[in-house]
Amino acid sequence: MGSLRPSTKRLASLLLTTLFVVGFGISSSAATRYVTDEFRIMMRGGAGNQFRILQVLKSGEGVEILEKGDQGWDRVRSSSGRDGWVLRRYLSEQPAARTLLDQAVAQKDQALRDRDGLQEQLAELRGQLINQRRLESELMHIKRISKNALELEKINQTLEQRVAALEQELQTVTADKRVLEKSSETQFFLSGAVVLTLGMIAGAILRRRGKQTPYDALM
């Protein structure tokens, strides 16, 4: 192959230069940079750095816009109620990233507290449910006992009636026994009287016949 033409050389040189520039740009843009929002801005007495500092505003602090001035300065009112001038480029329509992060962390903490509270309520409800089931079981047991108690009460009433009837029968038998005992005593006395009367009659008859009776011998 022959030597390269001048136009070809220029084209190759331009291509190499382009590749070098592109490669350099790619390598340079690959490095990551972070801009921190942890800084403070000065609120001054006028629209310029030559005015004295009235207050230092922290990052994320909210201010009220009172007036838009020239040369990038705005008159604002801080959360403490003080008026002053700050550079507009330090103000953003959205809260700072750290503020958003703090809010997110606070919301997460609140969510965790809410979760813990719900878990406590759930545990309490479970305890109440267990207690309710225990009370229902005790109530069923009491109902069964009450039913048995009613049946026992009926049996007891029947037994009491039976005992009362037996006591009445016993009283009747006792009264009959006493009557019989008195009747036996009466018959005994009557029998003795009859025997005595017969003896006296027999003695009288024997005396009339002139014989001494055993009764007269005793006399």
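The values are calculated or read from the model by the stated rules, or taken from the named source; none is laboratory data. As the structure is a prediction and not an experimental result, all values here were calculated from the model. Methodologically, a virtual Cβ is constructed for each residue, glycine included, from the backbone with ideal geometry; neighbour enumeration extends over all protein chains shown.
It is to be established whether one or more residues within the stretch 136-149 are modelled with pLDDT under 90 and loosely packed, with under 10 Cβ neighbours inside 10 Å. Scanning the stretch 136-149 turns up no residue that is modelled with pLDDT under 90 and loosely packed, with under 10 Cβ neighbours inside 10 Å. Number of residues in the stretch 66-87 that are under 15 Å from I41 (Cα atoms) and either in contact with a Ser or Thr (Cβ under 6 Å, 6 or more places away or on another chain) or of a type outside the set (S, T, N, Q) (or both) equals 12. From the list Q71, Q94, Q103, Q107, pick out the single residue that is modelled with pLDDT under 90, in contact with a Gly (Cβ under 9 Å, 6 or more places away or on another chain) and not basic (K, R). After ruling out the rest, the residue left standing is Q71. Counted as qualifying within the stretch 62-157 are the strands (runs of 3 or more DSSP E) with 2 or more residues that are touching a residue at least 24 places away in the same chain (Cβ under 8 Å) and not basic (K, R), namely 73-77, 83-87.
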